1. Looking only at region 43-55, count every residue that is part of a helix (DSSP H, G or I) and either surrounded by fewer than 14 Cβ atoms within 10 Å (Cβ to Cβ) or charged (D, E, K, R) (or both) and tell me the total.
2. Report yes if some residue within region 2-25 is farther than 23 Å from LEU95 by Cβ, surrounded by fewer than 17 Cβ atoms within 10 Å (Cβ to Cβ) and in contact (Cβ under 8 Å) with a residue 60 or more places away in the chain; otherwise report no.
3. State whether the residues of region 7-28 include one that is among the hydrophobic types (A, V, I, L, M, F, W, C), under 20 Å from LYS137 (Cα atoms) and either assigned to a helix (DSSP H, G or I) or touching a helix residue (DSSP H, G or I) at 6+ places or on another chain (Cβ under 8 Å) (or both).
4. If a residue must be of a type in the set (Phe, Trp, Tyr) and not in a strand (DSSP E or B), how many such residues does region 57-102 contain?
5. Please enumerate the residues belonging to region 59-68 that are exposed (fewer than 14 other Cβ atoms within 10 Å of the Cβ) and more than 9 Å from TRP25 (Cα to Cα).
6. Show the residue pairs that are 6+ apart or on different chains and have beta-carbon atoms under 8 Å apart, the first residue being within region 139-154 and more than 18 Å from HIS118 (Cα to Cα), the second being among the β-branched types (Val, Ile, Thr).
7. Yes or no: LEU124 crowded, with 20+ Cβ neighbours inside 10 Å, among the aliphatic types (A, V, I, L, M) and either modelled with pLDDT of 90 or more or under 28 Å from SER141 (Cα atoms) (or both)?
Amino acid sequence: MHAKIVFTSDFEDESLIVIFKSNQWWPMYDQASSDAEKIVTEMKDAVKESDVALFLESKKYILLSAITDTHGTLSFENKSWVLRLLNPNISLLQLDCQVFVHKCIKYANQNDYTILFHDNPVQLVERHRKEPIIEGKILASKKDRLLYAKKQKKLEYSISVTGLIVFITLLFLTFPWPFRDHSNEAQQWLFTIFEKLVGSVVITSLISYAQFHSFYASLHQDSIKWTIAGEPVKKAIKTIV
């Protein structure tokens, strides 16, 4: 299985090495050794044919996880960093992608760096095949998580917002205005309908908001939201880091 993550940042090379070493991703052998060349050759098979030349000519780092045995490269291509990882175990590959994103975001926030992950989903693809098995949406910021939650829970979010507007409108309509004539049965009947609607609107809005907020809160647990490729969000796959 192989994965690819593309991002841009103002990280210095030393910063990237710090991230790798802190996560035990830095190999014991030299970056220019024969062992490193073997990984480059193996990674070349996971690169699109049109990008092979660019990959081989680019500045790159060789990576090897001491924990999961995932190996790969981080190369600088077309002004962007491209992380490519290989591991036959899809769960471990999924975990390493998530750890990398989490570490980068944390390091950037702590050291006033910026990092921007490309909007393309992280795809876990079986070697020598093009169709992804699992896709991941990177949620690198609060804005990303909020936009993702609004997209996936569009109905619940719309009902909660609309309910709030309707609730405020009903409060305005049912206010005991001086012009209300309690002897006018038709008028009182109309106001009674509005007053009864208030409770229904509040309950419906609160339920919808609770469902939306619960989903939004769950996004804080993962830096990548994984789903089975081609399946809706209800098929989401959890990975705990």
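1. Step one: list which residues in region 43-55 are part of a helix (DSSP H, G or I), which gives 43-44, 49-55.
Restricting the remaining residues to those that are either surrounded by fewer than 14 Cβ atoms within 10 Å (Cβ to Cβ) or charged (D, E, K, R) (or both) gives 44, 49-53.
Selection size over region 43-55: 6.
2. yes
3. Going residue by residue through region 7-28, those that are among the hydrophobic types (A, V, I, L, M, F, W, C) are 7, 11, 16-20, 25-26, 28.
Those still in the list that are under 20 Å from LYS137 (Cα atoms) too: 7.
From what is left, the residues that are either assigned to a helix (DSSP H, G or I) or touching a helix residue (DSSP H, G or I) at 6+ places or on another chain (Cβ under 8 Å) (or both) are 7.
Checked against the condition, which is being among the hydrophobic types (A, V, I, L, M, F, W, C), under 20 Å from LYS137 (Cα atoms) and either assigned to a helix (DSSP H, G or I) or touching a helix residue (DSSP H, G or I) at 6+ places or on another chain (Cβ under 8 Å) (or both), region 7-28 yields at least one hit.
4. Taking region 57-102 as the starting set, the residues that turn out to be of a type in the set (Phe, Trp, Tyr) are 61, 76, 81, 100.
Adding the requirement that they be not in a strand (DSSP E or B) leaves 100.
Matching residues across region 57-102 total 1.
5. Of region 59-68, the ones exposed (fewer than 14 other Cβ atoms within 10 Å of the Cβ) are 59, 66-67.
Passing the criteria: only LYS59.
6. These pairs meet every condition: GLN152/VAL233.
7. Values: crowded, with 20+ Cβ neighbours inside 10 Å: yes; among the aliphatic types (A, V, I, L, M): yes; either modelled with pLDDT of 90 or more or under 28 Å from SER141 (Cα atoms) (or both): yes.
Criteria met by LEU124.
Let's see how each residue does on (1) at pLDDT 85 or above; (2) surrounded by fewer than 14 Cβ atoms within 10 Å (Cβ to Cβ); (3) touching a strand residue (DSSP E or B) at 6+ places or on another chain (Cβ under 9 Å):
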| site | (1), (2), (3) |
| --- | --- |
| ILE168 | yes, yes, no |
| PRO176 | no, yes, no |
| ASP181 | no, yes, no |
| VAL202 | yes, no, no |
| PHE212 | yes, no, no |
| GLN221 | no, yes, no |
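The values are calculated or read from the model by the stated rules, or taken from the named source; none is laboratory data. The model shown is predicted, which means the values in this text are computed figures rather than measured ones. Cβ: placed from backbone, ideal geometry, glycine included. Neighbour counts: every protein chain shown.
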